[in-house]
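Enquirer: One structure follows; several queries about it will come next.
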Amino acid sequence: MGEIRVDNFSLEDFFSGDLDNYNYSSGMPPSMEHAAPCHSENLDINRYAVVVIYVLVTLLSLVGNSLVMLVILYNRSTCSVTDVYLLNLAIADLFFALTLPVWAASKVKGWIFGSTLCKIVSYVKEVTFYSSVLLLACISMDRYLAIVHATSTLIQKRHLVKFVCLTMWLLSLVLSLPISILRSTVRANAYTLVCYEDAGNNTSKWRVVLRILPQSFGFLVPLFIMLFCYGFTLRTLFKAHMGQKHRAMRVIFAVVLVFLLCWLPYNLVLFSDTLMRTNLIQETCERRSDIDKALDATEILGFLHSCLNPIIYAFIGQKFRHGLLKIMATYGLVSKEFLAKEGRPSFVSSSSANTSTTL
């Protein structure tokens with residue numbers, strides 16, 4: 001592969017052989033100004049620690065999301081509107097997690113899987129990221145309609161909910177197209193390839209677009225929807241005399257809190273990095289190093305969200321626990337007496353039999 005140049009500068013000008021200089025999460029290479037004098041520290045220990053974390057997140061996500069899918073599909077005859085969302089969310093998080101081992105390997109050896117897999121894996125990662133976050137917003141709207149507007153609504157019809165999920169997947173496919181088009185194998189140094197954006201003379205402009213999309217549709221818009229829907233939902237629960245309102249409130253608080261804890265730090269650091277890369281704030285070697293380290297750390301928090309979703313939406317809820325115990329009792333893993341003692345979950349009544357407030 002020949003030497004790749006961006007804006008009349010060689011990529012090899014920016015790398016002295018250390019793979020850690022190439023930040024996968026930032027969406028931009030080290031900026032032109034003051035790049036040459038900067039030398040990063042040897043981060044081999046941190047690199048392997050990141051690989052271990054990626055593997056652990058993958059395993060937790062595989063177990064948690066597989067259990068969610070198992071319980072929902074096993075009880076598909078009584079599948080609720082929320083269950084349809086949860087099933088799609090589990091699928092998205094599962095496939096997102098499956099891409100992490102590939103990125104973990106690239107952290108150590110560089111990209112050794114070829115240009116085609118670079119595009120495919122990057123595209124799958126982006127699609128599942130968008131679909132996961134957008135489905136979270138859909139779940140918040142479902143809870144809002146079920147609790148605040150406890151009347152018969154179109155969204156409560158199961159076939160329309162499936163249409164909404166399909167729309168979210170199609171939207172995710174479209175939003176991820178720039179990554180699929182621009183991603184390619186780029187030579188980080190004389191010996192190492194990386195999977196990165198390459199748009200020729202328009203690279204800088206496209207990288208700005210690639211940052212606007214995930215920060216808008218992958219964070220700000222879903223966050224606004226969740227805060228709006230859950231805010232009115234909480235107000236309704238406070239006013240109503242519902243037997244399960246405290247449990248529902250606990251799930252709602254967990255949804256917003258975990259989403260913020262996982263994705264707010266990364267988006268704040270990414271915004272700061274964008275300001276630095278576009279020279280709106282002064283760039284120094286120390287500042288660039290600090291931001292690159294913060295991007296790596298906060299990106300791990302974001303990835304962790306894929307294995308926390310089953311805990312938030314399923315393990316806290318009575319319905320999931322009863323469904324899982326029911327399967328275990330069927331195969332003799334727990335006694336039927338224990339299942340009977342746990343009892344069936346009681347849901348807050350709503351206008352639709354397909355919804356419940358305890359997830």
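Enquirer: So which residues in segment 257-295 are surrounded by fewer than 19 Cβ atoms within 10 Å (Cβ to Cβ) and β-branched (Val, Ile, Thr), if there are any at all?
Expert: Val258, Thr278, Ile281, Thr284
Enquirer: Which is outside any loop (DSSP other than H, G, I, E, B), touching a Cys at 6+ places or on another chain (Cβ under 9 Å) and among the hydroxyl-bearing types (Ser, Thr, Tyr), of Ser140, Ser180, Ser77? Steps first, answer last, please.
Expert: On the way: Ser180 fails: touching a Cys at 6+ places or on another chain (Cβ under 9 Å); Ser77 fails: touching a Cys at 6+ places or on another chain (Cβ under 9 Å).
Testing whether each residue is outside any loop (DSSP other than H, G, I, E, B), touching a Cys at 6+ places or on another chain (Cβ under 9 Å) and among the hydroxyl-bearing types (Ser, Thr, Tyr) leaves just Ser140.
Enquirer: Which members of segment 73-104 meet the condition of being more than 23 Å from Arg211 (Cα to Cα), small (Gly, Ala, Ser) and modelled with pLDDT of 90 or more?
Expert: Ala90
Enquirer: What number of residues within segment 164-178 satisfy the criterion of being among the hydrophobic types (A, V, I, L, M, F, W, C) and either modelled with pLDDT under 85 or closer than 15 Å to Ala137 by Cα (or both)? Before the answer, list the steps.
Expert: Taking segment 164-178 and keeping what is among the hydrophobic types (A, V, I, L, M, F, W, C), we get 164-166, 168-171, 173-175, 177.
Add one more test, that the residue is either modelled with pLDDT under 85 or closer than 15 Å to Ala137 by Cα (or both), and what stays is 164-166, 168-169, 171.
Looking only at that region, the number is 6.
The values are calculated or read from the model by the stated rules, or taken from the named source; none is laboratory data. Here the structure is a predicted model, which means the values were calculated and not measured. Backbone-built Cβ (ideal geometry, glycine too); neighbour counts: all protein chains shown.
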